[in-house]
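A.B. asks: Dropping a structure here in structure tokens format, bear with me for questions.
The values are calculated or read from the model by the stated rules, or taken from the named source; none is laboratory data. Worth saying up front: this structure is predicted, and the values here are computed from it rather than measured. Cβ coordinates were reconstructed from backbone atoms using ideal geometry, including for glycine residues, and neighbour counts include every protein chain displayed. Note: areas computed on protein heavy atoms with side chains; ligands, DNA, RNA excluded. Shrake-Rupley method; radii C 1.70, N 1.55, O 1.52, S 1.80 Å.
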Amino acid sequence: MKKLTFTDLLITIMVGVVFGILMKFWDDLYTVVKPMMPVARQLLYGMWFMTGVFAFLLIRKPGVALIASIAGAGLSAFIGHGLEVLIYGFAQGLAAELLFAAFRYRKFSMVIAGVAGVFSCAASFGLDMFYGYADLETWALVVKYGLRAISAFIFTGVFAVLIVRALEATGVTQSIRPVAKEEYSLLDR
Amino acid sequence: MPAWFTPNRETWLFRVNPALKFMIFVLLLLFTLFTRNLAFVSWLAVLFGILLYGFSGYPIRKLALLSIPLIISFASSAFTMMLFGKGDTVIWQWGLFKISEESIQHGLLLGTKSLTFGFVGFTFLLTVQPVLFFYAMMQQFRLPSKYAYSFIASIRLLPVVVEEIQVRSNALKVRGITFSRGMKGWGERIQAYAVPLFAQSIRRAQRIAIAMEAKQYQMGAARTYFYPTSYSRMDVVFIGVISVSIASVSMVAFVMN
């Protein structure tokens, strides 16, 4: 399989860390919205699932989703969000990674990206059950995590894919993605 | 900011091997995450409160300031759970709000867990130097150097990224950019910031990686370290203190009930 070079790894971790900072700014918005609009708050939540999926869409190599997710969570922990976010980052990244692995790291469509986000959301739900966030009345549970899953799909499936497409247009992705066989064969002609 | 984060005195917690400290704290966090015993978690919160306030070497005033968000998150998560939590022994009900004995129990458990996590997190962060932490992870826990150096490089570049966000924010303001309402607007907002930010960061990361490899950095090669880290007597003390306190907390919580 296409292995990660040092450049890939550094970019992956940098992407994770930059997401960590963006999430800090996002968190301020989230905190303002939190008490007033519970629905909007859950809809904003998808941002936290973007890191791994985004990094994978960008670099398209195995391991990237997991590493970027841990890096993002690591930065969040480092700037004071608590060490427990590391555990969440690990679980969310792993869930997305497993989904991409199931498609042999060859599918980059909106649907797959969105489903990867929903997988991350499911992983965080699993941890929430142990943490104690999920001891809600059934209706509240369905509303909370239902909205969160929708948000995960929109953020990872739509927003992340659109950002990656915009980045492709700028040309930065050309130098970091694995070169396909067809492109090598172009050289032989 | 860094000046603010300088302790009054460097306590024994500073001299514990940073990687070992991290591993033990993460282990404790996992432990806390998976317990459902309120008494146990409450005692843990007290324990780590003592560790943070008594032994981090920071003045109470600063610690109290840092604790404000922890108190808020304790209150908000506990109250939400009390109002919407599941439970059969209903004490009070009004429309969708329902407080039951179980939901109070769950709310307190959730709030106390958040508090414990917060105390552990601050105790670690306030008594560790990030760079030494990564060096210790490489030397004592065999973390491959490629991860450690990537993290260190990324952390060093944080101020640049933050500055870029501010520049972008000002640029958007000057150009009078407005965003749509609702979900679409959030998408536009993320895109407006993320695209230039990531384009720059990717190029920068690539430059650094190439520069490091040009200076003969090799993944997986045997290497020496600029900052040697090792275990010391303090690590024995640390493990001793943590095990004795966890043991006594478990005694109080499980055996005496």
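A.B. asks: Based on what the data block shows, is residue B:26 within 20 Å of the chain's Cα centre (by Cα) and either loosely packed, with under 13 Cβ neighbours inside 10 Å or closer than 17 Å to residue B:119 by Cα (or both)? Step through it out loud before you land on a result.
C.D. replies: On the way: within 20 Å of the chain's Cα centre (by Cα): yes; either loosely packed, with under 13 Cβ neighbours inside 10 Å or closer than 17 Å to residue B:119 by Cα (or both): yes.
Considered against the rule, which asks whether it is within 20 Å of the chain's Cα centre (by Cα) and either loosely packed, with under 13 Cβ neighbours inside 10 Å or closer than 17 Å to residue B:119 by Cα (or both), residue B:26 comes out as yes.
A.B. asks: Please count how many residues of region A:146-168 are without any contact (Cβ under 8 Å) to a residue 60 or more places away in the chain, more than 9 Å from every other protein chain (Cβ to nearest Cβ) and open to solvent by less than 90 Å² (accessible area, probe 1.4 Å). Even if it seems obvious, please write down each step before you answer.
C.D. replies: If we filter region A:146-168 for residues that are without any contact (Cβ under 8 Å) to a residue 60 or more places away in the chain, which is where we start, we get A:146, A:149, A:157-158, A:162, A:165-166, A:168.
Still in the running and more than 9 Å from every other protein chain (Cβ to nearest Cβ): A:146, A:149, A:157, A:165, A:168.
Imposing the further condition that a residue be open to solvent by less than 90 Å² (accessible area, probe 1.4 Å) reduces the set to A:146, A:149, A:157, A:168.
So the count comes out to 4.
A.B. asks: Report, by residue number, each residue of region B:73-113 that is among the polar types (S, T, N, Q) and facing chain A (nearest Cβ under 8 Å).
C.D. replies: Step one: filter region B:73-113 for residues among the polar types (S, T, N, Q), giving B:73, B:76-77, B:80, B:89, B:93, B:100, B:103, B:105, B:112.
Within region B:73-113, B:76, B:77, B:103 meet the criteria.
A.B. asks: Inspect all residues belonging to region B:90-103 and state whether any of them is of a type outside the set (A, V, I, L, M), touching a strand residue (DSSP E or B) at 6+ places or on another chain (Cβ under 8 Å) and at pLDDT 85 or above. Step through it out loud before you land on a result.
C.D. replies: So in region B:90-103, the residues of a type outside the set (A, V, I, L, M) come out as B:92-95, B:97-98, B:100-103.
Then keep just the ones that are touching a strand residue (DSSP E or B) at 6+ places or on another chain (Cβ under 8 Å); that gives B:92-93, B:98, B:100-103.
If we keep only those that are at pLDDT 85 or above as well, we get B:103.
For region B:90-103, residues of a type outside the set (A, V, I, L, M), touching a strand residue (DSSP E or B) at 6+ places or on another chain (Cβ under 8 Å) and at pLDDT 85 or above: present.
A.B. asks: State which residue pairs qualify: first residue β-branched (Val, Ile, Thr) and inside region B:168-179, second residue surrounded by 10 or more Cβ atoms within 10 Å (Cβ to Cβ) in any location, beta carbons under 7 Å apart, and separation of 6 or more residues or different chains.
C.D. replies: Going by the 7 Å Cβ cut-off, the qualifying pairs are B:177/B:192.
A.B. asks: Looking at region B:202-229, which of the residues that are hydroxyl-bearing (Ser, Thr, Tyr) and surrounded by 15 or more Cβ atoms within 10 Å (Cβ to Cβ) is nearest to the other protein chains (Cβ to nearest Cβ)? Outline the logic, then answer.
C.D. replies: If we filter region B:202-229 for residues that are hydroxyl-bearing (Ser, Thr, Tyr), which is where we start, we get B:217, B:224-225, B:227, B:229.
Of the ones still in play, those that are also surrounded by 15 or more Cβ atoms within 10 Å (Cβ to Cβ) are B:217, B:229.
Numbers: B:217: 7, B:229: 19 Å.
Looking at the filtered set, the residue picked out is B:217.
A.B. asks: Might you let me know whether region B:77-86 holds any residue that is open to solvent by less than 60 Å² (accessible area, probe 1.4 Å) and out of contact with any helix residue (DSSP H, G or I) (no Cβ under 8 Å at 6 or more places or on another chain)? Can you show your working first?
C.D. replies: Here is the first cut: in region B:77-86, the ones open to solvent by less than 60 Å² (accessible area, probe 1.4 Å) are B:77-78, B:80-85.
From what's left, out of contact with any helix residue (DSSP H, G or I) (no Cβ under 8 Å at 6 or more places or on another chain): none.
Checking region B:77-86: not a single residue is open to solvent by less than 60 Å² (accessible area, probe 1.4 Å) and out of contact with any helix residue (DSSP H, G or I) (no Cβ under 8 Å at 6 or more places or on another chain).
A.B. asks: Can you list the helices (runs of 4 or more DSSP H) lying wholly within region A:1-113 that have 2 or more residues being at pLDDT 90 or above, in contact with a Leu (Cβ under 7 Å, 6 or more places away or on another chain) and more than 9 Å from chain B (Cβ to nearest Cβ)? If you could, list the steps in order and put the result at the bottom.
C.D. replies: Numbers: elements: A:6-36, A:38-44, A:50-59, A:64-76, A:84-102.
The qualifying helices (runs of 4 or more DSSP H) are A:64-76, A:84-102.
A.B. asks: Scan B:122, B:141, B:198 and give me the residue that is at the interface with another protein chain (Cβ under 10 Å from one of its Cβ atoms) and touching a residue at least 60 places away in the same chain (Cβ under 8 Å). Steps first, please.
C.D. replies: On the way: B:141 fails: at the interface with another protein chain (Cβ under 10 Å from one of its Cβ atoms); B:198 fails: touching a residue at least 60 places away in the same chain (Cβ under 8 Å).
Step by step, each of B:122, B:141, B:198 is checked, and only B:122 is at the interface with another protein chain (Cβ under 10 Å from one of its Cβ atoms) and touching a residue at least 60 places away in the same chain (Cβ under 8 Å).
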